[in-house]
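Presented below is the structure to which this report refers.
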Amino acid sequence: MSELNVYTSIYPAAKFTFSLTLTLQEANSAMFRFLGERQYSSLYKIVREEDLERLQNAVEKCKNLSSGEEINECIQMQNQQGEYEKYIVILQKYQDIDYVYLELRNVSSDEREIKELKRRLTIFEDYLTLNGKAYFIYFPEEDRFHLFWMDYSQMVDICNQPLSEWRRRMKEKEYVADKDIAVFESFCDALTKANSEQSFVFSGKILSYGDNMDGYKVQMIPRIYQDKKLVLGVWAVVNVRTNEEAGDYLEGTFVDALTKTLNKKSITEYAFKNVKPGNQTAVIIVDLDYFKNVNDTYGHLFGDQVIKASSDVMKSVVGSSGMVGRIGGDEFLIILKDYGDEPGLRSYLRSIKANINMLFPERVGENRLSCSIGASQCGVDSNDYNELFRIADKALYIAKQKGRNRFVLYDVRKHGQFHMTDESTDMTEIRDSFYSEKDLSELNKLLAEMVLKGSGCLPEILEQLAHTMMIDRILIFWGKDRKAAAHYPAEDVWDADARQVFEDENYLSLFKDDLMICTNTNYMEYSQSRVYSILQKRKVLSYMQFLLRDGEGNLCGMVSLEACKNRNSFPKLAVQLFGNMCRIVNAVLIRELALDK
């Protein structure tokens, strides 16, 4: 009997090979997940007996199909629990007569999902009759009480445990005002009875986790869904005397006021709950590129619009698959769940980047908004959230180093093994060793050429150094007139007033071994007001400078490396790179000066 190869998929376009008896020959992970321990059995053995003949006939008919034609059959197959589920089988001829493309679509799971969506829709329609953003649902049969807040597509748990345990814990922690214990007990009793609509007003620290005493107005309505009794309700913070709701309470406690995403505390708590061994979770850090320039160029009001619109992009892309939180001015943390596989994760990242690129084109013109993204995966890179965050931050740094406006999904094969000695490890230490090997190699090559060919190579070296170290400007001054010998960008030079810094002995005394490092120019405002005014005029945020000397050791120049878009902590490797380059440049310029003589 000749072998007939059948390509099968549980998901569209995933291909598998079977023999004529439908015994597995080759498969990818999707089919192995579907078959489990049954992978060495014939597929016919898990097809319902009444459907066997129809499946066999469909495979035979497929041999005579023309390109693009297909056969559809609905059959029942056993899942790994031994239960029969309905599948749509789609058959197409694949490439030639010896191959058949077979795709399986689980109809039963679609039916269950539709049923569940209808149930949820009914519940949310009832929630819409209540006013508030914090909700609860009680399941009497399970004694489970779920208190949560919801905004956009985000839902965050405040409590999800047996009502009896939550009730006891609230009293033990004194999260309910003493004078209102009886009202709180009445509320809990009413939940368990679930027989009427009721409202309760009491004071406590339940939503604030014990920090603030607030007034609560709690409304509950019993409902029956699919023959199961539930209690729905809304939990609002109110002024106990006036009964007026504090509409912005959750925004201050759980949500960032501007973006309506989770605040740093809430997204961190969400991350710790969801990053666990066995969970498919990605930790994603998103940073808007050159956001300070947006504020400086278009104003802070527009900057707020950019932050808000970018957060809306992230919430829209992530949807119900995770949560978005704002952890800094223009920095966001996303915890993404159940994204499928690595290509699926990449599609989320790509969509975030592309949609932020498209924001406000009429306002920014060619200066497109962009973001840099770093991501790590639970179960792949680590199972510990703290470590996954630092790995994602490392990937973010790589994305910025490579030119921004991109995402980097951490890959140990490309990016090297990540080591974190303890939870207090600073990213500056991690970044010490993370300049691109390709960029470092190119820089070393150019420096070697300059030793051989002279200072004519300086423009290329400065551009490569600026790219490697991710800085904005670098200038070299040389000679008695302190004029620029080379500078990057080409159009950027110091004016005559700025060059007076060479004559400021008070400032020059701060150099140690001819090197000056300033991570924040604001530090210079009072101690070096003259230099500070020069730096402010040039919008310098942080810098390194190196003094150049002639053959007798006399000051005759300077190299100034300047960061203008972000303050830079200048890791050890950066300092070493800059110092080595400056010493080589100094030696070459001294040599050329001697040759001129």
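The values are calculated or read from the model by the stated rules, or taken from the named source; none is laboratory data. These figures come from a predicted structure and were not determined experimentally. Ideal geometry is used to build each Cβ from the backbone, glycine not excepted, and the neighbour counts take in all protein chains shown. When the accessible area is computed, the model is the full protein with side chains, heavy atoms only, and any ligands, DNA or RNA have been set aside. Shrake-Rupley method; radii C 1.70, N 1.55, O 1.52, S 1.80 Å.
Counting only heavy atoms of the protein chains, get the accessible area per residue of region 273-379 (1.4 Å probe) and round it to a whole Å² value.
Accessible area per residue: 41 Å².
Accessible area of region 250-291 with a 1.4 Å probe: how many percent of it is carbon plus sulfur?
The value for region 250-291 is 58 percent carbon and sulfur by accessible area.
In what sequence, largest accessible area first, do S321, S560, S529 appear using a 1.4 Å probe?
Accessible-area ranking of S321, S560, S529, largest first: S529, S321, S560.
Assuming 0.36 nm per residue, please report the length gained on full extension of the stretch E185 to Y298 beyond their Cα-Cα distance.
Residue separation times 0.36 nm, minus the Cα-Cα distance, leaves 35.2 nm.
Sort D143, D513, D51 by heavy-atom solvent-accessible area, probe 1.4 angstrom, most to least.
Accessible-area ranking of D143, D513, D51, largest first: D513, D143, D51.
So, taking all protein chains as they sit and a 1.4 Å probe, how much accessible area belongs to M470, in Å² rounded to tens?
Surface accessible to solvent at M470 totals approximately 40 Å².
Can you tell me the FRET efficiency between N386 and L515 if r is taken as the Cβ-Cβ distance and R0 is 30 Å, rounded to the nearest 0.05?
Computed FRET efficiency for N386 and L515: 0.30.
Kindly state, to the nearest 0.05, the FRET efficiency for S199 paired with K273, given R0 = 35 Å and r defined as their beta-carbon distance.
Computed FRET efficiency for S199 and K273: 0.70.
Report the label-to-label distance for R169 and D504 in nanometres (one decimal), using points 7 Å from each Cα along the Cα→Cβ vector.
Using points 7 Å along Cα→Cβ, the separation is 5.8 nm.
At 7 Å along Cα-to-Cβ for each site, give me the label-to-label distance between L52 and E69 in nm.
Calculated label separation equals 2.8 nm.
Between L555 and E366, what FRET efficiency follows from the Cβ-Cβ distance if R0 is 35 Å, with the result rounded to 0.05?
Between L555 and E366 the formula returns 0.25.
Cα-Cα over 23 Å: which of K179/K205; K260/K402; K171/K276; K453/K572; K276/K572?
K260/K402; K171/K276; K453/K572; K276/K572
How far is it, in nm, from the label point at K445 to the one at Y84 when both lie 7 Å from their Cα along the line to the Cβ?
6.7 nm
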